[in-house]
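Colleague: Take this structure, written in structure tokens, and hold onto it; I'll ask about it next.
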Amino acid sequence: MPKAKPVRTGNAASLVEHKARSVKATREQLELALARILEGKPKRVQPGTSASALSVAKEAQVDRSTLYRYHPDFLDKLKRATNSTADKLLESKRGELSRTQARAREYRNIAEDLHAEMEAVARNNYALSHRVQELEDLLRQRDAVIADLQERVRDGGKVVRVHPAVTQREQRRR
């Protein structure tokens with residue numbers, strides 16, 4: 001049977017000092033990991049991963065239980081960071097919503113203005129179409145008068161000049 005190696009028992013002060021250095025180094029790794037995740041530039045987890053105890057532990061290459069056992073104050077900091085991140089996101093979404101609502105109001109006002117303008121143009125088109133109809137009726141009447149006069153001239157063999165200012169009574173007097 002192989003001989004068992006004797007277990008070294010170190011001095012208690014050096015063990016406490018080693019533990020303190022280890023906790024400090026782990027804390028630095030956790031701080032850096034959280035910063036990388038919040039900046040969106042992690043090295044070990046997927047970019048865009050939310051800051052959680054698991055993702056920070058993976059990024060820092062630390063066991064999650066170490067995080068819970070030796071760094072509860074860091075967990076509080078992590079909660080504050082994620083809450084502030086959520087608050088910032090909520091605030092940015094609210095700002096985006098208010099800008100979108102302002103644009104929607106502006107577009108509604110533009111649409112209302114264009115609708116009113118379109119109604120005015122439609123009324124104007126209606127009035128103009130009736131005026132065109134009246135003018136076409138006048139042209140038909142004028143064409144009928146001209147055709148009648150041309151017929152009279154042909155039938156009578158006599159050329160009669162018609163001046164617009166001269167009425168039919170004046171023509172008879174001549």
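Colleague: Rg(Cα) of segment 13-103 divided by 2.2 N^0.38 Å?
Modeller: Details: Rg = 16.9 Å, N = 91, 2.2 N^0.38 = 12.2 Å.
Computed over Cα atoms of segment 13-103, the ratio equals 1.39.
Colleague: For a footprinting-style exposure proxy, rank V132, V45, V23 by other Cβ within 10 Å, fewest first. Don't skip to the end; give the middle numbers.
Modeller: Numbers: V132 10, V45 19, V23 13.
Ordered from fewest to most neighbouring Cβ atoms within 10 Å, V132, V45, V23 come out as V132, V23, V45.
Colleague: Using a Förster distance of 45 Å, how high is the FRET efficiency between L114 and R69, based on the Cβ-Cβ distance and rounded to 0.05?
Modeller: Details: r = 67 Å, r/R0 = 1.49.
Once rounded, the FRET efficiency stands at 0.10.
All of the numbers you see were taken from the coordinates with simple rules; none came from a lab. In this text the structure is predicted, and so the values were computed from the model without any measurement. Here Cβ is always computed from backbone atoms with ideal geometry, including for glycine, and neighbour counts include all displayed protein chains.
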